[in-house]
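What follows is a set of notes on a single structure, which appears directly below.
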Ligand code: PAF
């Protein structure tokens, strides 16, 4: 696996691979990799000649500085995981590489980014869309893979790619879950054993409740603080807090 710290070095590599006619799949991440990320990587490895992963904890998508400073960082372990997975390239850019303009230019969506997570995390999706547009341009990949756990993010990215005529196929992949039903997430490692048990009820309640109101009441009773439970895109989506940890999940409506 080749590791690139500089955007320009990556671009030189991609140019060379293009001349050879090699297709590329990209998986943008913020690191703290888990089996959910690995499932995206496995799919990309099947569908492309080369696979690239980026690890960049994007400061502009954190509305809360405390959340940013506590975001789990484990680059050495991630590099080891990626080497074993068979990924060809890893980009590990720093802030200056990604934001030479210091976030002067931004991608802003004016409707759906204000709903659900956007209503509770002001500016979050401006940061997500801006960094994803930059990463997709840099990667110059045929395909990019995102998890369905962040369903609103996936919708907004797919729509952005269409709106800006970007030359990449966005592929949404199913959420990987623990046996308890808890969606895999880098944030789960901040949960205590008792909170982990409580957290497993999040998915169970989203799935089994007859309505969003019923789910909200049941989640409240378990002890979650609730940002929202709402239905959209044929799914029931929710965001809840357990202590300092914010969890999101969604289920398909039957
Ligand atoms: O889903 C994530 O990990 C991040 O929001 C992403 C897409 C890598 C952008 O920073």
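Helix 75-85 versus the longest principal axis of the chain: what is the Cα-based angle in degrees, 0 to 90, to the nearest 10?
That works out to roughly 80 degrees.
How long is the chain along each principal axis, judged by its Cα atoms, biggest number first, in Å?
Computed over the Cα atoms, the extents are 58, 39, 36 Å.
If each of residue 220 and residue 9 carries a label point 7 Å out from its Cα toward its Cβ, how far apart are those two points in nm?
Calculated label separation equals 5.4 nm.
What is the pair-distance distribution P(r) of the stretch 198-245, computed from all Cα-Cα distances in 10 Å bins starting at 0, with each bin given as a whole percent?
Bin by bin from 0 Å, the calculated values are 29, 61, 10.
Return the Rg/Rh ratio of the stretch 121-202 with Cα-based radii and a Kirkwood Rh. Write out the running numbers ahead of the final one.
Details: Rg = 15.5 Å, Rh = 14.5 Å.
Expressed as Rg/Rh, it is 1.07.
May I have the extent of the alpha carbons of the stretch 25-82 along their three principal axes, as whole Å values ordered from largest to smallest?
Principal-axis extents of the Cα atoms in the stretch 25-82, largest first: 39, 21, 15 Å.
What angle, in degrees between 0 and 90 and rounded to the nearest 10, separates the Cα long axis of helix 151-163 from the longest principal axis of the Cα atoms of the chain?
Compared with the principal axis, the helix lies near 40 degrees.
Apply the Debye scattering formula to the stretch 44-123, with a single equal point scatterer on each alpha-carbon and no solvent, then give log10 I(q)/I(0) at q = 0.23, 0.26 Å⁻¹.
With no solvent term, the Cα-only Debye profile gives -1.12, -1.18.
For the chain, set up a GNM with springs between Cα atoms under 10 Å and report which of 102, 203, 58 has the largest fluctuation.
102
With all pairs of different alpha carbon atoms counted, what Kirkwood hydrodynamic radius in Å does the stretch 142-254 show? Kindly include the intermediate steps, with their values, before the conclusion.
Numbers: mean 1/r = 0.0671 Å⁻¹.
Hydrodynamic radius (Kirkwood, Cα pairs) of the stretch 142-254 is 14.9 Å.
Can you work out the FRET efficiency for the pair residue 211 and residue 111, with r the C-beta to C-beta distance and R0 = 25 Å, to the nearest 0.05?
Working: r = 25 Å, r/R0 = 0.99.
Step by step, r from the Cβ atoms, then E = 0.50.
Tell me the label-point distance for the pair residue 104, residue 66, using the 7 Å Cα-to-Cβ offset, in nm and rounded to one decimal.
So the label points at residue 104 and residue 66 sit 3.4 nm apart.
Taking Rh as the Kirkwood radius computed over C-alpha pairs, what is the Stokes-Einstein D of the stretch 68-215 at 4 °C in a medium of viscosity 1.567 mPa s, expressed in µm² per second?
On the way: Rh = 17.9 Å.
Answer from the Stokes-Einstein relation: 72 µm²/s.
In degrees between 0 and 90, to the nearest 10, how far off the longest principal axis of the chain does helix 7-19 point, with axes built from Cα atoms?
70 degrees
Every read-out reported here was derived from the displayed coordinates using simple, explicitly stated rules and does not represent laboratory data. As the structure is a prediction and not an experimental result, all values here were calculated from the model. Virtual Cβ from ideal backbone geometry, glycine too; neighbours counted across all protein chains shown.
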